[in-house]
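I have placed the structure first, in the form of C-alpha cells, so that the comments after it can refer back to it.
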Amino acid sequence: MPLQTKINTGKGCSGLKPYQGLVNHWFAMVLAAFLVFALFSTAQAQSVDDGFNPGADDRVFALAIQPDGKVLVGGHFTQIGGQDRNYIARLNPDGTLDEYFNPEFNESVGCIAIQKDGKILVRGSFTQIDGEHRNYIARLDSNGNLDKTFDLGVNDRVRAMEIQDDGKILVGGLFTEIGGQTREYFARLHPDGTLDETFDPVVDVAVWIMKIQSDGKILVGGSREFSRLNPDGSLDETFKLEQRTDQQINVLAVQDDGKILVGGQFTQISGQEHHRIARLHPDGSLDATFETEVNEWSVYALAIQADGKILVGGNFTEVNGQRRMRIARLNPDGTLDPLFNPGANLVVFSMAIQTDGKILAGGAFGQMGGQTRLRIARLYPDGSLDATLNPGADDLVRALAVQADGKILVGGEFTEMGGQPRNYIARLYPDGSLDTSFNPGADSSVHALAIQIDGKIVIGGNFTKINGQERKRIARLHPDGSLDEEFDPSAVGTVITLAIQADGKIVVGGSFWSMGGQERNWIARLHPDGTLDEDFNPGAGFTIYALAIQADGKIVVGGGFTEMDGQERDHIARLHPDGTLDETFNPGADGWVWTLAIQADGKIVVGGNFTEMDGQERNWIARLHPDGILDEDFNPGATGTVITLAIQADGKIVVGGSFWSMGGQLRNWIARLHPDGTLDEDFNPGADFTIYALAIQADGKIVAGGSFTEIDGKPRERIARLSSPISSRQLLSIAEDGSSVYWKRYNIRLVSFPYLRTIRIGAGPEVDRVTFELSTDGNTYVPLGEGTRKVKILSSGGWELTGLSLPSNQNIFIRARGYYSTGANNGSGSVVESVRNVYLEHKPAVLPGVLMLLLDDDE
C-alpha cells in the first residue's frame, strides 16, 4: 500500500482553525521563540530539503499530495513562491509553483482532499471562488477550475471533511442545512455532490473532527468529545471512551493496528491525565502504555509513517521532557525519537508524508531546521547521503560553484548530466534536478567557475567555443546562461583557476602564456570588463593550479612553478595586491601545490603531492601561519595527493583527492579534519575513486565531484551530496540606530541586544570576504560596502560594516553575501547569502540585555 494512501494524505482533514487570540499570542512571542530556536535547536539526523523552498506570506493550514507528486497547499496566504495565489496553490514536486493552477478564493482554505478521479475538494472560510458564490465547501477539477456541478448550499461553516473508499464524501461542521435538506452538523454526499439521503445520523453537537477507520467506521466529535459511528451512520455501542476531554481535540489519526491517536489542547482524556496527546485501543479504551506528554499549548497535526513512527506538529516546545520545537517524531511505543529534531520557530499546523518518505510541514513558522522556510518546508526522513542530488555525469566533474539562490554550477569533462546532453557545463537546482533552462555548452573541458557579485559567471578551461561563439579558454555568462558578448579576454593555453577580488578584478591562473593578446606567463589579472590589467604581470615559471586571496588583498599562489616574479619560489608564493612578489613569504614545498584555502584566522591550508613544507616533513597537506611559517601543531598526513579543500564555518576542514589514508586511518578519497588537524572520526563516507571538487552549501551539505561512481556505499556517477548532522545557521544583525550591520558564524549559546544576531554555526562554508547591500523593495539591491572581518568580537569570526545611515521608518532589506572558494584546486568561487527585513524606528527603544555565555573554540 502506498504510504500516501496509508496515512490518508489528501483524503480528508478536520480540526479547529486556531483561535485568533492564540495567533496574536504567537506573534507576541515571535522574538522569544526565535531566540530560543536559534540558540538551542539542532537538526540531528535529518535536515530541511534545500531544494524545496516555495515560501508563503502567511499561514499554511492544509497540505495534500497528488498521485503525480504535486503538492496542494491551502491556508491564509496570498502569495506563494513569490507569486500571487489567494489561499490555495499547487506546487510541482521540486517546490516550484505550478503556474497553471490558480483558482481565486476570497478567504482562507483549511482543508484539501483529493478524489480518485483527481477532482479536488476544498473547505474553509471562503464564500466565493473565481467570483462565484460557494459557502465553505467547493470542488475544483484537476486544473483548478471550479466544478460548477458541485454546489451544496451549506448554511454554516464546514469544519471536517473525509472521502470514503467508495468515493462518498463525509462532511461535518456547524451547518444545519446542506443540499437543500436538513442535516444537523453531519452529512454524507455521493461522489457527484448530491446528498446521500440514506445517511442521517443523530449528532447533537457541532462536528469539528472526523476520521474514517479501515473498517469503514467513522470517528466523529466536537471540540471536547467524540464517538464512533458504524458505516451506516448508527452509533457504535462498542466504543468505550468514557469521558470527554477537558480541552479541545484538534486531530485524530488511526494506526494500522486500529489504535487511535488523539491530539489537541487537553490535559485529561477518559478521566486520566494525558497532556496534548493520547492513544486509544480500537475499542476506545485508553492505551495506558502510551505515556507521551507534550508540554504546552497544543498538538495540531499527526501523521503516521510506513514504519509506524508518529510525526507530531503543533505549538509545543517539549516532548517527554526534552526540547522539541513545534515538531517531533515518536517511536511506535510513544517514546521520543532522539534522532529527529529539526525544530520550527513557530507553530506547525499540517503535515503530510510523500511516497518517498519525505515529510511536508505547513504552519506559521519562518524557520525550519535552522534554515529560512516561510510557512512550508520539506524534511528528509533520515539525513544520510542526500538521495535527491543524484543527477549523474558521464565523465569527470572538475568544477563546482554554488550560487546565492542555492543552484549548483558544475563544470568538467562530461557531455551528459542528469540523463540529458550537457557539454562540459551544467546547472542543477538545489534538489539535484537539472536546470533545463541553462545550457550554454562548451566545446571542451571546463576547469573553473566563479560567481561575481552581480550573479554573472566567469568560466575557465580548455574550450574554444561557448554557445557556438568563439571564446578561448575564458568566458563570462549572464545568470541565465547566455554569453556575455562584452567579455572576451582570450587565453592561449588552459585556464585552471579563478579568483575574484573585492574590487571585481579577476585573477586567472593556469598553463597559458598569453592573455588579452599580451604575453602573460601562467598568471594574469583582468579588469571587471574583461580587459587585461596591464599593471599586473608577475609571471611564473610553470603552471598555476591554485589561487587564494587574503583579507588584506594579498594573493597566495600554488602550482608546479619554481620561480615567481623572477625569483626562486618552490611551488608556493605570495603576491602583493599590485602583483609584485612578497619577499617575506617563502615556505617552499618539495612537490606541487594543488590547492589552497584560507581560514578565518588567516592561516593557510595547503594541499598537493609534496612531502616537505618549509623544510619539515609534511605529507600532502600542511598549514601555514599568515606570515608563511609552518604551523608545527598541524600535521594530519595523507597517503596520496590532496586536490581540493573546503573549510566549514565551525573550522573543520573537508579534504578531497586521491589519497587512501588520512591522520593514520583509512580514508578513501575524502576525509574531514578538526580545526587542530586531527581526524574527524565521525566522518567517513568514502568514495571509490578520486575527488576533484568540493563545495559546501549554505546549509552545510557537502557537494563532491570527481571521477568516482560510488560514495558512502551508494552509486553516484561523479557527483554527489553528503548531508550534514548540524545545519549551518546564519543571522544578519542590524544596529538599532542603523549605523552598522554585522554577519557572523558563532560559538555562543546566548545572544544580547541591541543586536538581534543571525549567527553562522555548524557545517556551512567559511567565507573569504563579505559584501553588504540595501533594498527597499526586496528585489533591487544597491551596495553598502565591503565587510571587515572582526576577530574575537564576542567570539571568533564575523563581518561588520560601520559608518552607515540606514533609512528609518520604513521596511528595508539588508543582504549579506559571502564569497568562498570551491571546486578542483579551489579554483572556483561560490556565494552564500543571508537577507533580513527590518523596520528601524527613528527613535528606537532600548532593549534589555541578555546574559551571554561564550563558547569560543579558539580559547
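The values are calculated or read from the model by the stated rules, or taken from the named source; none is laboratory data. All of these numbers come straight from a predicted model, not from anything done at the bench. Cβ: placed from backbone, ideal geometry, glycine included. Neighbour counts: every protein chain shown. Heavy atoms of the whole protein, side chains included, go into the accessibility calculation; ligands, DNA and RNA do not. Shrake-Rupley method; radii C 1.70, N 1.55, O 1.52, S 1.80 Å.
The table below lists the values:
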{"item": "Accessible area expressed per residue, the chain, with surrounding protein chains retained (probe 1.4 Å, Å²)", "result": "36"}
{"item": "Angle in degrees between helix 30-40 and the longest Cα principal axis of the chain, rounded to the nearest 10", "result": "60"}
{"item": "Rounded to the nearest 10 Å², the accessible area of I604 at probe 1.4 Å", "result": "0"}
{"item": "Nitroxide proxy distance, nm - points 7 Å out along Cα→Cβ at K119 and T802", "result": "6.8"}
{"item": "Cross-link pairs beyond the 22 Å C-alpha cut-off, checked among K554/K652; K70/K211; K119/K217; K116/K211", "result": "K554/K652; K70/K211; K119/K217"}
{"item": "Förster radius 45 Å - calculated FRET efficiency between Q665 and H527 (Cβ-Cβ, nearest 0.05)", "result": "0.45"}
{"item": "Calculated from backbone phi, Karplus (6.51, -1.76, 1.60) coupling profile of the range 821-828 in Hz, x at Gly/Pro", "result": "8, 9, x, 4, 6, 6, x, 10"}
{"item": "Potential extension, D480-N155 segment - 0.36 nm per residue separation minus Cα distance", "result": "111.8 nm"}
{"item": "Leading residue at positive end of dipole, the chain (Cβ point charges), from I114, W522, A138", "result": "A138"}
{"item": "Using a Förster distance of 41 Å, the FRET efficiency for N143-K714 (Cβ separation, nearest 0.05)", "result": "0.60"}
{"item": "Heavy atoms of D777: accessible area, 1.4 Å probe, square angstrom to 10", "result": "80"}
{"item": "Expected-Rg normalisation [2.2 N^0.38 Å, Cα atoms] applied to the range 317-378", "result": "1.09"}
{"item": "Backbone HN-Hα couplings from phi across the range 431-439 [Karplus 6.51/-1.76/1.60, Hz, Gly and Pro as x]", "result": "7, x, 6, 6, 7, 6, 7, 10, 7"}
{"item": "Pairs of Cα atoms farther than 24 Å apart, the range 142-297, %", "result": "35"}
{"item": "Calculated on alpha-carbon atoms, Rg and Dmax of the range 473-580 in Å", "result": "13.2, 44"}
{"item": "Backbone N within the range 287-328 under 17 Å of label point (7 Å from Q272 Cα along the Cβ vector)", "result": "287-294"}
{"item": "The chain, Rg to Rh (Cα coordinates; Rh as Kirkwood inverse mean 1/r)", "result": "1.03"}
{"item": "Three-way shape label, the range 582-621, alpha-carbon gyration tensor, a/c 1.5", "result": "oblate"}
{"item": "Rounded FRET efficiency, nearest 0.05, which uses the C-beta distance separating A288 from T194 and R0 of 56 Å", "result": "0.80"}
{"item": "Rounded percent of accessible protein surface that carbon and sulfur make up, the chain, 1.4 Å probe", "result": "47"}
{"item": "Rounded to the nearest 10 Å², the accessible area of H133 at probe 1.4 Å", "result": "110"}
{"item": "Farthest positive-ward along the chain dipole, Cα basis, beta-carbon charges - from N609, G222, A816", "result": "G222"}
{"item": "The range 311-439: Cα Rg divided by the 2.2 N^0.38 Å rule of thumb", "result": "1.32"}
{"item": "Simple label model, 7 Å out from Cα along Cβ direction - N295 to S234, nm", "result": "4.9"}
{"item": "The range 209-293 shape via C-alpha gyration tensor axes, a/c threshold 1.5", "result": "prolate"}
{"item": "Label-point separation, T788 to V205 (7 Å along Cα→Cβ), nm", "result": "6.6"}
{"item": "Stretch gain in nm, segment L339-D257, where the contour uses 0.36 nm per residue and the Cα spacing is subtracted", "result": "27.0 nm"}
{"item": "Rg/Rg_ref, the range 404-551, where Rg_ref = 2.2 N^0.38 Å and atoms are Cα", "result": "1.00"}
{"item": "Dipole magnitude of the chain about its Cα centre (Cβ charges: Lys, Arg +1; Asp, Glu -1), debye to nearest 20", "result": "1100"}
{"item": "Aspartates and glutamates whose Cα lies under 20 Å from that of K472, excluding same-chain neighbours fewer than 8 positions away", "result": "E413, D443, D484, E485, E486, D488, E519, D529, D533, E534"}
